[in-house]
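All remarks here apply to the structure that follows.
Read-outs: derived from the displayed coordinates by stated rules, not from any lab. Not measured: the values here are computed from a predicted model. Glycine also receives a Cβ, built like all others from the backbone with ideal geometry; neighbour counts cover every protein chain displayed.
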Amino acid sequence: MLILFKLLGSLALLMFGMKSMSDALQKMAGPQLRHVLGAMTTNRFTGMLTGTVVTASVQSSTATTVMTVSFVNAGLLTLAQAISVIMGANIGTTLTAWIMALGASFDISIVSYVGFFMGIILIYMKKHRYIGDFLFGLGLLLLGLTTLRMTGNEMDLGHNPQVLAFFQSFDPNSFWTTLVFLLLGGVLTFCVQSSAAVMAITMLLCGSGAMPIYQGIALVLGENIGTTITSNLAALSANTQARRAALAHMFFNVFGVIWILIVFRWFIDGVVYIVDNVMGQADSPIQSKLNFTLAAFHTGFNVINAGILIWFIPQIEKFVCWVIKSKKVDEEEDFRLHFITAGFMKTPELSVLEAQKEIQSFSERMQRMFGMVQVLLNESSSLTGKKQDDEKFNKLFTRIEKYEGISDNMELEIAKYLEQVSDAHLSDETKGKIRAMLREISELESIGDACYNMARTIRRKYNGKQDHFNEHQYSHLHQMMGLTENALQQMNQLMGGRKESYDVNRTFNIENEINNFRNQLKAQNIIDINNHEYTYAEGTVYMDLINECEKLGDYVVNVVEARMGTRQREA
């Protein structure tokens, strides 16, 4: 039992160390990594190279996949570019196997202790705490590898009769044996949710001499498929593009497994030759030799597979689009978030991008809602009160009412998602972004409330069979709504672009125009009522609409201030 817990504990150290390293690197370079992904995917080759470098840097193919899917959703990457990046991620993740091979072959425990010592110093120096987190994670990773190697020596699996009998019960020359271990590798990877952990177990078994190299390599092939099963299950509740990207990932690995099975023995013999003669491992201990063979096979397989399929990316794109077709959903009936996918929220630093795109969608939806209010006002003036006219008016009002419900749901769902993200350890920059986004969604929901209030005011006037506004009132309302529409357009321009290129004074100038015009109309309204231009009741309805437009303009300014990071104005 003690040895079993040592084994499990060393695997836990290994997995936690890799996670800590990945999270720390993303906190240090999260925005830069996103910019690199966006800028360096101009063609399929640079896309694959970018995926390789980014994944090798953050030691997480999941993080790269999340960023890639986010960019596809945001329209910053095409699906074809995303497929090339995912191919590169498969190559980049093989660096993990080389780290394990080195850790299992040499005593690197001293490096882990140096990492702990330097890491804890930097953690307490707040300015460099993320570097400290990385070094501490590296120390845990190396300590886990060292403990795993020592535990493997203690277990002495190469001389355990039961273990040897189990593996000898499989015919090493049988194709079915390869398939069994391939399936076993996929199932184990799916169960533990970590290909790194299964790779470590494979190296332990092969290095001890308990498991033949052919069966170990079959396990490695299964790991490649197991990781894609996890991503595809996570994408079941995601949007269309996320599911297509996950399917492309699975297609990439399944295709590779199919062709490698055809040349299985010859390919492994070639890898062994390279390890013995090119890498100079012929005279090395058997444990070191087998571990380097597994790492070399993992890299060689993924590099050759990517080299083959990179020429067929357009065909892969057509295939996944044919399998997963876009859903044609009436937007008014679609309450599901488009960009936030809970199954892909593996890295909190990168989840912010999904939230930003969802808020942009929220903002655009609110502008469409205001456009409906303008149409409702025009319809109320042109309809004659007949049954078919009432149905037309009520249908439009119902759509606005539904939008108000959607805005409430979007605020709650985005806030819930941001709360989940904020539960993790985040950089100060990301914490500030989350605070700003929470303010943005609150103000956007208030814009929805203002639109709904205007729609109810228009309906109250229409159902009361009151006289239409006079020509001057309609002219003033249209002018005020035009200013408000302009403010919403400026807001969405900011939400969809980079804040560095946005001039916030444009929004403030429009707000001043709205405020001045409101004050002018308020004074003129009293004069018109006294001159019996219209009744007091009609003047009240008229000013209610004007005042709601002015409130809506204030909410727009608050959204802009939150996005720009400026201080909230005095009330």
Seminar exercise, completed: Projected onto their principal axes, the Cα atoms of the range 388-525 stretch, largest extent first, over whole-Å spans of 60, 35, 23
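How high is the FRET efficiency from E154 to L261, r the C-beta distance, R0 35 Å, rounded to 0.05? Mind showing how you got there, number by number?
On the way: r = 35 Å, r/R0 = 1.01.
For E154 and L261, the calculated efficiency is 0.50.
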For this session: With a 10 Å radius around each residue's Cβ, average the other Cβ atoms per peptide and rank 357-369, 217-229, 429-441, highest first.
Result: 217-229, 357-369, 429-441
Seminar exercise, completed: Contour minus Cα-Cα span, N277 to Q489, at 0.36 nm per residue, comes to 69.7 nm
Seminar exercise, completed: For the W322, N515 Cβ pair and Förster radius 56 Å, calculated FRET efficiency rounded to 0.05 is 0.55
For this session: Quickly work out the A523-to-R368 label distance, labels modelled 7 Å from Cα along the C-beta direction, and quote it in nm with one decimal.
Result: 4.1
Exercise. So what are the three principal axis dimensions of the range 468-547 from its Cα atoms, in whole Å, longest to shortest?
Worked result: 51, 20, 16
Exercise. How far apart, in nm, are two points set 7 Å out from the Cα along the Cα-to-Cβ line at L164 and at Y113?
Worked result: 3.6
For this session: Subtracting the Cα-Cα distance from 0.36 nm times the residue separation, let me have the gained length for E533 to F175 in nm, one decimal.
Result: 119.6 nm
Problem set entry | Placed amide H near M211: partners under 5 Å, 5+ positions off or other chain | C206
Exercise. For the range 90-100, what does the Karplus curve 6.51 cos²θ - 1.76 cosθ + 1.60, with θ = phi - 60°, yield as ³J(HN,Hα) per residue in whole Hz, taken in order and with x for Gly and Pro?
Worked result: 5, 6, x, 6, 6, 4, 4, 5, 5, 4, 5
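If you stretched the chain out fully between D408 and Y474, how much longer would it get, using 0.36 nm times the residue separation minus the C-alpha to C-alpha distance? Please list the in-between numbers first.
Numbers: separation 66, 0.36 × 66 = 23.76 nm, distance 3.02 nm.
Length gained between D408 and Y474: 20.7 nm.
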For this session: For the range 473-535 and the range 78-95, write down the distance between their C-alpha centroids in whole Å.
Result: 48
Problem set entry | Semi-axis lengths (Å, descending) of the ellipsoid that matches the C-alpha gyration tensor of the range 78-205 | 33, 24, 10
Problem set entry | Integer Hz, Karplus 6.51/-1.76/1.60 couplings in order for the range 493-510, x for Gly and Pro | 5, 5, 5, x, x, 9, 5, 5, 9, 9, 9, 5, 5, 4, 5, 5, 5, 5
For this session: Please turn the phi angles of the range 431-439 into ³J(HN,Hα) values with the Karplus equation 6.51 cos²θ - 1.76 cosθ + 1.60 (θ = phi - 60°), one per residue in order, whole Hz, x for glycine and proline.
Result: 4, x, 4, 5, 4, 5, 5, 4, 5
Seminar exercise, completed: The FRET efficiency for F16 and S501, from their Cβ-Cβ distance with R0 = 35 Å and rounded to 0.05, is 0.25
